[in-house]
1. State, to one decimal in nm, how far the label point of L133 lies from the label point of R198, with both points 7 Å from Cα in the Cβ direction.
2. Using amide H atoms built in the peptide plane, which far-off residues or other-chain residues are under 5 Å from G98 H to H?
3. Kindly report the accessible area of the chain per residue (heavy atoms of protein chains, probe 1.4 Å, no ligands, DNA or RNA), in Å².
4. For segment 55-71 and segment 128-201, what is the centre-to-centre distance using only Cα atoms, to the nearest Å?
5. For segment 174-184, what does the Karplus curve 6.51 cos²θ - 1.76 cosθ + 1.60, with θ = phi - 60°, yield as ³J(HN,Hα) per residue in whole Hz, taken in order and with x for Gly and Pro?
6. Could you work out the relative contact order of segment 65-128, using alpha carbon pairs under 8 angstrom and six or more residues apart, expressed as a whole percent?
7. For A123 and Y67, what is the calculated FRET efficiency with R₀ set at 25 Å and r taken between the beta-carbons, to the nearest 0.05?
8. Which length gain, in nm to one decimal place, applies between R184 and L76 when the Cα-Cα distance is subtracted from 0.36 nm times their residue separation?
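The values are calculated or read from the model by the stated rules, or taken from the named source; none is laboratory data. Quick caveat, the model's predicted, so the values are computed rather than measured. Every residue, glycine among them, receives a Cβ derived from its backbone with ideal geometry; neighbour counts consider all protein chains shown. Surface accessibility is based on the protein's heavy atoms, side chains included, excluding ligands, DNA and RNA. Shrake-Rupley method; radii C 1.70, N 1.55, O 1.52, S 1.80 Å.
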Amino acid sequence: TGLRLVAFLAIPSTVGLVVLGEPIVRLIYERGGFVSTDTPATAAALAMYAVGLYAYSAVKVAAPAFYALDHPRAPLVASLSAVAVNLVLHILLFEHLGFRGLALGTALGAGATVPALAFPFRALGAHAGRVLLAALPCGAGAYLTVRSMEAALGTASTLARLGAVLPAVAAGVVLFCGAAALLRLPELGDVLSLVRGRLRR
């Protein structure tokens, strides 16, 4: 259940970071010594790292379970697998992709922990596919919204950047929730219940 919930949150977040990487980086960092020409490179690295978001998050859920069951070998093997894959991919990818290769190698190295932790692939894979399907309109809506807002407001001021990013994030969330409801993903109800509980406090 925890891994399914991680997928429900991490996969649309990955899509969002990929399609909104440049506007988010521009909003947060583009000031002082960080100039506009730095934004595309930083956003590219962010997109590569984002590929491993589900793996990073899933390990945080699964590894403690193995320790609790007194099976520490699996997390150890997973960590060693990640280090080995990281090293190999960094060497292979850096030559062709530069710093992007280092980021992608780290993300794919994190993915190497998944088989080492013996996840139930068939069930999780089918569920992850449905979540990804729900995330596609989220990404498309967020991208179209941020581009139209940037065209209308520009990107010169922090207020204009905020006015582009916030509506795009909101559009992505609404579209993802709508698609998740159509696909009957049960995690939507869990997340909405959690949000309602937090708001009542």
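1. Computed distance between label sites L133 and R198 equals 2.8 nm.
2. Counting only residues 5 or more places away or on other chains, the set is empty.
3. Accessible surface, normalised per residue, equals 56 Å².
4. What the calculation gives is 29 Å, centre to centre.
5. 5, 5, 5, 4, x, 5, 5, 5, 5, 7, 6
6. It comes to 37 percent, rounded to a whole number.
7. Once rounded, the FRET efficiency stands at 0.65.
8. Length gained, R184 through L76: 35.3 nm.
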